[in-house]
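The block underneath contains the structure these notes are about, expressed in structure tokens.
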Amino acid sequence: MDDDLHIDGLRLLARLQSLGAIGALPGGGVCRLAFSAEDQAGRALVTGWMAELGLQVRVDPIGNIIGRRAGRDDGLPAVMTGSHIDTVRTGGNYDGNLGVLAGLQVIETLNAREITTLRPLEVAIFSNEEGCRFPPDMMGSLVYVGDLSLAEARAITDTAGVAAGDACLAIGQAGGASLPGATPHAFVELHIEQGPVLDAEKLDVGVVTAVQGISWQRFFFRGVSNHAGTCPMAMRHDAGFVAATIACEVRAMTQRYAGAMVGTVGVLQLGPNLVNVVPNQVEMTVDLRNTDGAELARAEADLDAFVTAVCGAEGVTFRKERMARFEPHTFDPAVAALITEHAGALGLQHKPMVSGAGHDAQIIGRRCPAGMIFVPSVNGISHNVEEHTDAHHLIAGADVLLRTLVSLAEQPAPATEAERA
Ligand code: GLV
Ligand code: MN
Ligand code: MN
């Protein structure tokens, strides 16, 4: 590999800043929820850049955008990179955006050097990776690989009752590209770590070996509202008390399982939400994650039993909805080895690590060899307007991506040519 092969760092930073201006929040950070007007504007900006770079752009019916650069043998399966540009409501400027814009920087570098790789290169923007408006997360990549049907994805509604399919159509992003999408030769995603490890250990790059399992559930509790002063404690059917008890149990559970268990109650809405009224209805979400799939399943079963017991004792009824469920995913060791090799050759301090967050790479990785490159999140903060990664780390990560993609895109077809598209 040419020692001089580097992306244009200033261009990457400028593009990150321009995209970050769309949906910018007054005090800092970004809100670009999936299929919103801000998402639409972000997509327009990035697809404009894709076109300027000469990429052939296609959009599929769930709004995944793929920009393609031809290879010397354009019939071979492409090497794909990419990520997402939707954000949580209180998001930062790097989660997802870095992976997409670094992909464009790779293309720009190869264009400038007039390098044509053997295999085509593709840069993907996957729809609705965050899933906080339309669960599950990684919706676009799930539909891309065919593990979530288009009809099912389109029918998922947000809290206002808007269907994802209608929202995608309304922003003009329901395209005609075929689904499931073509399986790439390999997929590599650059992403910020979103956790504290690399920053605390003063490392430049994480070579992601696996992603932990994810379980999202939504609970609805129904009790009886009553006067907070007159209703004796023994006669209450307090949906708020039930939810609070379960929220405390979720925290306690994180100490009890093997693997690395984390648990979060991120949504807790009480009704009627008044100081002197016993709550009669609650909506609550539980996000459980574990590196060990069997332990995650055991925790879910234990939580079920706990919810049933607490509700029974309080005379509160409940129903639950599954929002998302992902088994832990192990990335391809050969892709990880390539990332490690290039990080080392660039003189970067690196280590293998497991991702706590979900990513499109774990979904595309169900079909082809995949890997991820992490760069440090200052103080480990993400899904927060304070999210920050230092410029030199953004650029270093993009350089590792560039070299990894070029290596993969020069891999010849297998002797049998069996993988020819
Ligand atoms: C996606 O951002 C997740 O919640 O892991
Ligand atoms: Mn992300
Ligand atoms: Mn995210």
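The values are calculated or read from the model by the stated rules, or taken from the named source; none is laboratory data. Since we're looking at a predicted model, the values are computed, not measured. No Cβ is skipped: glycine too gets one built from the backbone with ideal geometry, and neighbour counts run over all protein chains shown. Surface areas here come from the heavy atoms of the whole protein model, side chains and all, with no ligands, DNA or RNA. Shrake-Rupley method; radii C 1.70, N 1.55, O 1.52, S 1.80 Å.
Things worth noting here:
- Dimensions of region 213-326 along the principal axes, based on C-alpha atoms and rounded to the nearest Å, stand at 48, 22, 19, largest first.
- Seen from Leu198, the other residues with C-beta closer than 9 Å to its C-beta sum to a net charge of -2, counting Lys and Arg as +1 and Asp and Glu as -1.
- Taken about its Cα centre, the chain carries a charge dipole of roughly 920 debye when the Cβ of each Lys and Arg holds +1 and the Cβ of each Asp and Glu holds -1.
- Of the residues Ala170, Ala155, Ile85, the one whose Cα sits farthest toward the positive end of the charge dipole of region 60-175, with +1 on the Cβ of Lys and Arg and -1 on the Cβ of Asp and Glu, is Ile85.
- Relative to the longest principal axis of the Cα atoms of the chain, the long axis of helix 239-253 lies at roughly 50 degrees.
- Peptide packing for 328-334, 115-121 was compared via the average number of neighbouring C-beta atoms within 10 Å per residue; ordered from the highest value, the list is 115-121, 328-334.
- Taking the 1.4 Å solvent-accessible surface of the chain as the whole, the part contributed by carbon and sulfur is 54%.
- Loop trypsin sites (Lys or Arg not before Pro), region 54-119, which have at most 11 other Cβ atoms in a 10 Å radius of their Cβ (DSSP): Arg113
- Sorted on the mean count of surrounding Cβ atoms within 10 Å across their residues, most packed first, peptides 5-18, 180-193 read 180-193, 5-18.
- For the chain, the longest principal axis of the Cα atoms and the long axis of helix 391-409 meet at an angle of about 60 degrees.
- Neighbour net charge for Gly347 - beta-carbon separation under 12 angstrom, K R +1, D E -1: -3
- Comparing Phe326, Ala301, Val278 along the charge dipole axis of region 278-327, the residue lying farthest to the positive side is Val278, per the Cβ-charge model.
- Each Cα pair under 8 Å and six or more residues apart adds its separation to the average, and for region 55-210 the resulting relative contact order is 32 percent.
- q = 0.08, 0.11 Å⁻¹: log10 I(q)/I(0) that the Debye formula gives for the chain, counting C-alpha atoms only: -0.46, -0.82
- Looking at region 213-326, the accessible area is 49 square angstrom per residue; that uses a 1.4 Å probe and ignores ligands, DNA and RNA.
- Axis angle, to the nearest 10 degrees, between helix 97-112 and the longest C-alpha principal axis of the chain: 10 degrees.
- Most mobile listed residue (Ala151, Ala70, Ala396) in the chain, GNM with C-alpha springs under 10 Å: Ala151
- Where region 337-421 is the region considered: accessible area per residue in Å², 1.4 Å probe: 38
- Sorting 225-234, 196-205, 33-42 by average packing, meaning the other beta carbons within 10 Å per residue, from highest down gives 33-42, 196-205, 225-234.
- Cα extents of region 57-170 along the three principal axes, largest first (Å): 49, 31, 22
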